[in-house]
Structures are given as C-alpha cells and as structure tokens.
1. Could you tell me whether the stretch 34-42 includes any residue that is within 15 Å of the chain's Cα centre (by Cα) and closer than 30 Å to I257 by Cβ?
2. Filter the stretch 362-386 down to residues that are part of a helix (DSSP H, G or I), in contact with a strand residue (DSSP E or B) (Cβ under 9 Å, 6 or more places away or on another chain) and free of Cβ contacts under 8 Å to residues at least 40 places away in the same chain, then give me how many there are.
3. Could you list, in sequence order, all residues of the stretch 108-165 that are of a type in the set (D, E, K, R) and under 19 Å from L92 (Cβ atoms)?
4. Collect the residues in the stretch 359-408 that are surrounded by 14 or more Cβ atoms within 10 Å (Cβ to Cβ), in contact with a helix residue (DSSP H, G or I) (Cβ under 6 Å, 6 or more places away or on another chain) and among the acidic types (D, E), keeping them in residue-number order.
5. Please work out which residue is nearest to A258 (Cα to Cα), limiting yourself to the stretch 1-33 and to residues that are in a loop (DSSP other than H, G, I, E, B) and polar (S, T, N, Q).
6. Could you run through the stretch 208-232 and say how many residues are under 17 Å from Y182 (Cβ atoms) and either open to solvent by 40 Å² or more (accessible area, probe 1.4 Å) or over 20 Å from the mean Cα position of the chain (by Cα) (or both)?
7. So, A329, is that one modelled with pLDDT under 80 and exposed (fewer than 12 other Cβ atoms within 10 Å of the Cβ) or not?
Amino acid sequence: MTAPVEATSALERGRPVLLVSPPAPECAGALWPLAEGHAPVLIITESPSAASAWAAAVPQPLRFHAVTGLDRSARLLLDAAVDVLAGCPADLAALLSRSALKGDQFRTVVLAWPEAVQGTPELAAIEALLAELKDARRVVLSWNPSGLEAFLDAHARRPHVVGDLPIGENARPLPPVGAARYVLSGPGGRETCIAATLDALDPGSAQVWRRGVVAQGPVNVVVCVDLPSREELSTLGTAGAPVLVLVPEQLPYARSIASPLTPIPLLTSGTAAREARAAIAARLERGDLAPELALLAPLLDRYDATEVAAAVLAVGRELGSGKRDAGSAPAPRVKVYVSVGKKDRAAAKDIVGALIREAGLSKDDIGRIDVRDTFSLVDVAGSAAERAVARLSGMMIRGRRVNARLDG
C-alpha cells in the first residue's frame, strides 16, 4: 500500500489521514512518504514491546529510538538525536511530565493501531498527549476503523482514508478468508519460534513466508513470519496450511481474517525455557520485590544466589504440576487485565465463564477478580496466564470485544 498524493495534500491542509493496514510495523510502509520532510515523528504504541518492534521498519537514514528507559530517552530528546520516537502512552506521558518531551517538538504524530487501547486506562494518557501535540500532523494506523468511530470522531475527525476498509457491499465486516493456526512469540523471538513450530508440527514440507516472497506450493505448511493482509492470507492458503506467528496484541486482527484460528502449543523444552526467562526478566524489570528478597535473605547467607534462584524455579514447577502436598502454599499468580467492567454490565461470573469455557482454565487456576468501571483485573495461575491472554483477546463478553494482556 502506498500513500497517494491526495493523502499528503490532506495533511498539508491540516486534515488527518487514516491508513488501513494489518497491525504490524512492516505493514505500514505507506506512512513514510507522508512523514518525509516532516520529522521528528512520534509514534504512540500500546506497549513498550510494540514500540521496539518499529526498529526494523523505520527507513534509513532516520534515527529511531524506542522508549524503554526514561533517562536515556530524555537525554536523546534533549540532544535532538531522534528523528522517530516510539513509546507507549504511560512512558510518553512520563517524559512529558519531565518536560523532556514538548508539544512543539514533533511535526507528525502517529497513532499506531489504537484498537488495542480502547477501553483501557492508556486511552486517557493518549488524550492528554494529543492535547499537547495539537499542532502536529496526525496519522492513524488502523486495521478495524469501524471499531474506532468514537475515537476517530474525537481525535481524527473525517480523516482522509488510504487503503481498503474491511467491510463488504452490505456495510458489514468482511468474513474470514479461511482457516489458520497460530503460535505466540515475543518480539525478537520469532526465529526461535519458527524452529520450535516446525519441530512441533514436523510437517514434511514447509515454506517460511515473508512479505515480498512468492508462496511456492503446494506444501503442507506455510509459516508466516510477517503478518499477512486478508488478501495475502487468501493466496497463502492456496499454497499450504497457514501458520501465523503472532504477538498477543495481533490476535483480534488474526481472528478477523482467519476462522477457525487454532493455537499450536509449543511444548519443546527450548521454548519453555525461553518463555520462562522472558517472564522472569519482565518481573525483574517491574521491581518491587522487597517482600520476596526479605523471605530469601536467610538462604542467600547459606547458598549461592544462582542455586537459590534455581530452587525457586523447581518449587514453582512442582506447585504448578501438583506434586506438592495439598497443604503447601498456592501456586504464584499473575494479574491479567481484561477490558470489560461494570459499565459494560460485566460481572465476575462472566469472566470466570469465559476463562473456563474458552480458555480451558480450571477453577483452581482462577483467583480474585476485581471488576472496576471500565476494566477488570483477574488473578490467574502463572502457568495459565499466557493461555488466558491468548484465548480472551478478541472474544466477546457482554457484547464487547475483549482486549486482554498481562498487567504490570
């Protein structure tokens, strides 16, 4: 998809532009002609990991930086060493409060697939950022504009649209184009995920597809490293059975183009180890481990810290597999954010039912459910958290399409 001259003219007249594309930076090539000559560019993403995912998509010689640390980002902004800055609403708001990010600093602001933040606390932070960036040219990336009507009306009124809207002649959403399977991968872990997928399926014949590569069929499986468009998935399906490599935020889009969309469990030890390391690293980044450190302090006087960490993992694994006695402490839980709340007429029983029926969790996997006005927080067994996020994302609860993610 390329941006037509009309889109550039619209931006010059102060009119926002809406680019319809799958929710992946590599699919947003039409953005860069619009930004040419109008840097610095600010990209607002739903999470820090989504911000980092833009690194490979930003063309040279533009200098790109993802906000993963506030101090470094503030220094780069002060030194005017960034042409394209990407960050989540909370981090950008923090830079704004420090006066490291200023409203007149950016000439173009990009709202990257705001479908993911609808009904979440991040939406208020986006609104505050846009109020400060009121003079910047505004571009919205969206895969489902019909789900953003209120948002667009408030922040990108009557945009010039580039790309095909996913609706048919009857003004209803287009149906899925066929079946697919999927695996979930963290940013940067796709190559390992591809190998684990092929090991798990052992398909006989397979092709790894990236955008710009012509599918060579027939093969048993086509593993899609890049996120395909609706049209691309239809073509890939003629070459072999598609397998999509996704991050959790892309699941609602994938469900709109593929049905049935079936997960592939990756049970290899390498994948399990990678996921465990990622979860531990994320928890270390969050900090606030004082109670746990106090509990372990006596052990650190007697044992090496590495051995203590290994023992904690072993105990957690035993708790999760039921090998410990019934009287032992319960398995550690993590909080899962679910984007429905009291204003949606959602109750705890609705969420419990969805987790049991759709995500396949047991009652023992589900702890306290805190239903608030616009969202809910669910305590879920750590071993079941990723499955809960994957299965809940995109499903309907009380007539509202759900966005789910790990909280914190």
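1. Filtering the stretch 34-42 down to residues within 15 Å of the chain's Cα centre (by Cα) leaves none.
No, that holds for no residue.
2. So the first thing to find is which residues in the stretch 362-386 are part of a helix (DSSP H, G or I), and the list is 363-365, 382-386.
Going one step further and asking which of them are in contact with a strand residue (DSSP E or B) (Cβ under 9 Å, 6 or more places away or on another chain), we end up with 364-365, 382, 384-386.
Filter again for free of Cβ contacts under 8 Å to residues at least 40 places away in the same chain, leaving 364-365, 384.
Within the stretch 362-386, residues that are part of a helix (DSSP H, G or I), in contact with a strand residue (DSSP E or B) (Cβ under 9 Å, 6 or more places away or on another chain) and free of Cβ contacts under 8 Å to residues at least 40 places away in the same chain number 3.
3. Narrowing the stretch 108-165 to residues of a type in the set (D, E, K, R): 115, 122, 127, 132, 134-135, 137-138, 149, 153, 157-158, 164.
Answer for the stretch 108-165, where residues must be of a type in the set (D, E, K, R) and under 19 Å from L92 (Cβ atoms): E115, E122, E127, E132, K134, D135, R137, R138.
4. D365
5. Taking the stretch 1-33 first, the residues in a loop (DSSP other than H, G, I, E, B) are 1-4, 13-16, 21-24, 28-30.
Of the ones still in play, those that are also polar (S, T, N, Q) are 2, 21.
Details: T2: 25, S21: 16 Å.
Here the residue is S21.
6. So in the stretch 208-232, the residues under 17 Å from Y182 (Cβ atoms) come out as 208-210, 220-230, 232.
With the extra rule that they be either open to solvent by 40 Å² or more (accessible area, probe 1.4 Å) or over 20 Å from the mean Cα position of the chain (by Cα) (or both), the set shrinks to 208-210, 220-222, 232.
Qualifying residue count, the stretch 208-232: 7.
7. Values: modelled with pLDDT under 80: yes; exposed (fewer than 12 other Cβ atoms within 10 Å of the Cβ): yes.
In short, yes.
Rundown of residues vs (1) touching a residue at least 40 places away in the same chain (Cβ under 8 Å); (2) closer than 30 Å to V371 by Cβ, yes/no style:
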residue	(1), (2)
A94	no, yes
K134	no, no
F151	no, yes
R158	yes, no
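The values are calculated or read from the model by the stated rules, or taken from the named source; none is laboratory data. Bear in mind the structure is a predicted one, so any value in this text is a computation, not a measurement. Cβ: placed from backbone, ideal geometry, glycine included. Neighbour counts: every protein chain shown. For accessibility, only protein heavy atoms count, side chains too; no ligands or nucleic acids. Shrake-Rupley method; radii C 1.70, N 1.55, O 1.52, S 1.80 Å.
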